[in-house]
Amino acid sequence: MNELRSTLYDLLVKAEEAYGTQDAVRYKVKDADQGGKKKTKVEAKTYTQLRRDSEQISAALTELGEQGKHIALIGATSYSWITSYYGIVNSGSVAVPLDANLPAEDLCELIDRADVTTLVYDETKANVARMAAEKCPGLTHLIAMEGETSVPNALHLWELAAKAPERTDFEPKPEDLATIMFTSGTTGKSKGVMLTHRNLAENATAQDMGYEPGMVIMTVLPIHHAYCLSMDILKGTSIGAIICINDSLLRVAKNIKLFEPNMILMVPLMVETLAKKLEEASFIPAPLVKAKVFGKQFHTVCSGGAYLNPDYIALFKKYGITILQGYGMTECAPVISTNSNSEKKDGSIGKCMPNCEAKIVDEEIWVKGTSVMQGYYKMPEETAETLEDGWLKTGDLGYIDEDGFLFLTGRKKNLIITRNGENVSPEEIENKLGANRLVQEVLVRDCEGLIEAEIFPDLEYASKKRIKDLEGELQKIIDEYNKTAPLYKRVFKLKVRDVEFEKNTTKKIKRF
Amino acid sequence: MFDQLTEIIVNYVEVQKEDIKPESRFIEDLGFTSFDFMSMLGEIEDEMDVEIDQEEVVNIRTVQEAVDYLSKLA
């Protein structure tokens, strides 16, 4: 059963009181060398350890004078990341989760823009920590999450926690700011979504999904995403789930066998790949195929982040697996609506969460409720464009049927939503490609699931530079851009135009 | 190594083995999604008993680049 919690502190404490000795988090660790080969084993932390460790991190941050400050977190999903997150928000500070896939320069810009004073990082992001130490003047502390670090003057998370008092007396209030999460903006500049304790805690606990304590969840999505953080970690904690950490996207299949989850939160891209795995062995009986791919105990996939073809819901049903499709955005902490076991409808993105209401204004979905963000950090204009009298304009077009189910029909805003749930701003990529002299005009869009750039080259410049192979030269520009761009922002298709783009009255390229 | 890899590739995408060339690009030419690609590398890890670094493989674009990377590990 779910009970509504209004702070992340309350959410964690109540979970610990109810499920103290049960495992909260399970994860793989490398064992000592065994004949030259490192074996992995599974370690676990109980709810009591999770609470105690996060309280010590809260106390350590307070000792450092960081209470009430902005603290960035960067790295892969780990027990340290999760305890740091609870430690930060429950100490009265603001957690700023960062996308580990972004180039270090972009991350430094976000650290500056979010007024971050402490960066907590894992060793795979030591390069970011080193660069931030030089380039971000507001940064006063660097904290390494685990073990040895190559970064000079960095502090060690668990050493600080061990030295700190067991806990502080501080308890956050529902209206306190808990997190700033960055999301793609339509202008090409990402926006920091401000979410309070109430926004996050009520989003995670308002809806009873019928999950039982002790349910095994495997977390595979990047933890800096609102969907993963809220549904896997915060909701998982609140219901007393056992949260198993998938150590790499390479090893999802192997880790399913290891952790034997009941439920996995996925994006449509993963659903598609796993559907192929199910269909590959379609000549043997469905229960055996399911047992082979997911294990006998597996029963639910929650899908969100992007549009999922309903055919997959029917396909998975054949194998005894329920796909529950939901809908949300970071600005709503993030879940807006979801199908549940008791209430679902084909083709719908479900009913609104109990703490949220929706209405349709000029075909656009507007939502209101306790999960709606406070605004974009230091972006009053963008905030005013998005929030009106407490209503959040989602930018999505849709309708609500007579039973209260939401349906999506399109997008108003100009964002590319990839099948792995990432939002990509076409303008951001256009600005980067357009910086090259050979590119006179460029339009970036989604083309059958891949990002395509259509370019009208500067022919005068090309002839001056005696460029004969225009397409080859333009591909080189794209290759250069792709080298530093994260996988989901890469351009995989090039189209070369021989005439200018059609423009609208304000001289902007017509997108559609 | 190239032959071993093409055997595995045809389980993930709908291409004929003989159409796979060293210069074929996984996403653009063979029709892989990024998650198909990751899953395939996970299978290769098991088959070849090697450990692949997720951070490095995002820069593998062609079949030949995958062969080169895997040859270094084996």
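What the table shows:
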item	result
Per-residue Cβ neighbour rank within 10 angstrom, fewest leading, A:302, A:447	A:447, A:302
Exercise: per-residue mean of other protein chain Cβ atoms within 10 Å, B:51-64	3
Point-to-point label distance, residue A:317-residue A:29, nm (Cα→Cβ direction, 7 Å offset)	4.5 nm
Residue-averaged [θ]222 nm for chain A, counting only DSSP H segments that reach four residues, each worth -39500 (n - 2.57)	-9000 deg cm²/dmol
Averaged over A:259-270, number of beta-carbon atoms from partner chains that fall within 10 Å	1
Length gained when the stretch residue A:167-residue A:48 is fully extended (0.36 nm per residue, less Cα-Cα span)	41.5 nm
Exceeding the 26 Å Cα-Cα cut-off - candidates A:257/A:483; A:125/B:72; A:318/A:344; A:39/A:163; A:39/A:257; A:254/A:489	A:257/A:483; A:39/A:163; A:254/A:489
Cβ-based charge dipole, the stretch A:45-172, positive-most Cα from A:50, A:129, A:73	A:50
Long pairs among A:191/A:503; A:345/A:508; A:45/A:359, criterion Cα-Cα beyond 32 Å	A:345/A:508; A:45/A:359
Spin-label pair residue B:71/residue A:39, simplified geometry with 7 Å Cα→Cβ offset, distance in nm	3.4 nm
Cα gyration tensor shape of the protein assembly as shown, rounded if a/c is under 1.5, else prolate or oblate by comparing a/b with b/c	rounded
Those aspartates and glutamates that a straight Cα-Cα span of less than 15 Å connects to residue A:28, excepting residues fewer than 8 apart in one chain	A:43, A:146, A:247, A:260, B:51
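Where a number appears in this text, it was derived from the coordinates with a stated rule and is not lab data. Note that the coordinates shown come from a computational prediction; the quantities given were computed from them, not determined experimentally. Heads up, the Cβs are rebuilt from the backbone with ideal geometry, glycines too, and the neighbour counts pull from every protein chain shown.
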